[in-house]
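Since the structure comes first, as structure tokens, the remarks are kept for the end.
The values are calculated or read from the model by the stated rules, or taken from the named source; none is laboratory data. Quick caveat, the model's predicted, so the values are computed rather than measured. Here Cβ is always computed from backbone atoms with ideal geometry, including for glycine, and neighbour counts include all displayed protein chains. Ligands, DNA and RNA are excluded from the accessible area calculation, which covers all protein heavy atoms including side chains. Shrake-Rupley method; radii C 1.70, N 1.55, O 1.52, S 1.80 Å.
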Amino acid sequence: MAKAREIPALATAASFREAAALAVETRAQEVFEHAEGVLDTNDIERVHDMRVATRRLRAAMEIFDVCFPKKEHRATLKEVKDLADTLGERRDPDVHIEELERIAKALTREDARGIGSLEDELRGEQSGANEVLARKLREIEETGLRERLLALAATARTQA
């Protein structure tokens, strides 16, 4: 799992609002850094890392909620939650497939064949969830989620 990036300036932030801006900027950058290759079903850790990054971003947004304009915060947080849910739906089959593969290695060849049909079904779910994730990634790109998150952070700095 990707480690959370340190935010050294957080401890010395001039204000709670500055801390909010730093936390949201950093966590938003982490989410989008993990987007590259996230649709590759051969590297399931990418989905996991992006999902964890969305959870960290969500936590920062919730902790510092009073620093942001209510309407923009609520709408942007909902989108982050939707992205996290979509990543979770994509991640679930990965975990199950990985576990089935582990179990199959411990079985006889004949017994392991019985797991194959279940694994095929899960790969179908994985593929479908990957298509949904691809649409979600296009949507957040088209709607400028990254830019809106950074604008939200900037707003925290400028509000009195």
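Pairs only if they're at least six apart or on different chains, beta carbon under 6 angstrom, first in segment 15-42 and over 13 Å from Arg5 (Cβ atoms) and aliphatic (A, V, I, L, M), second part of a loop (DSSP other than H, G, I, E, B) and open to solvent by less than 60 Å² (accessible area, probe 1.4 Å); list them, first residue then second.
Every condition considered, the pairs that remain are Ala19/Ala13; Ala20/Phe64.
Considering every residue within segment 95-118, establish whether at least one is on the phi < 0 side of the Ramachandran plot and within 16 Å of the chain's Cα centre (by Cα).
yes
Select, from Leu87, Leu137, the only residue that is in a helix (DSSP H, G or I) and in contact with a helix residue (DSSP H, G or I) (Cβ under 7 Å, 6 or more places away or on another chain).
Residue meeting the stated conditions: Leu87.
For segment 24-67, how many residues meet the condition of being assigned to a helix (DSSP H, G or I), of a type in the set (A, V, I, L, M) and either within 16 Å of Arg91 (Cβ to Cβ) or open to solvent by less than 70 Å² (accessible area, probe 1.4 Å) (or both)?
11
Run down Ala104, Ala151, Ala156 and say which single residue is open to solvent by 30 Å² or more (accessible area, probe 1.4 Å), farther than 23 Å from Val38 by Cβ, among the hydrophobic types (A, V, I, L, M, F, W, C) and in a helix (DSSP H, G or I). Steps first, please.
Values: Ala104 fails: open to solvent by 30 Å² or more (accessible area, probe 1.4 Å); Ala156 fails: open to solvent by 30 Å² or more (accessible area, probe 1.4 Å).
Just a single option satisfies the conditions, and that option is Ala151.
Regarding segment 102-113, can at least one residue be identified that is farther than 22 Å from Ala2 by Cα and in contact with a His (Cβ under 8 Å, 6 or more places away or on another chain)?
Checked against the condition, which is being farther than 22 Å from Ala2 by Cα and in contact with a His (Cβ under 8 Å, 6 or more places away or on another chain), segment 102-113 yields no hits at all.
Residue by residue through segment 37-55, note down the ones that are closer than 16 Å to Leu145 by Cα and charged (D, E, K, R).
Scanning segment 37-55 gives Arg51, Arg55.
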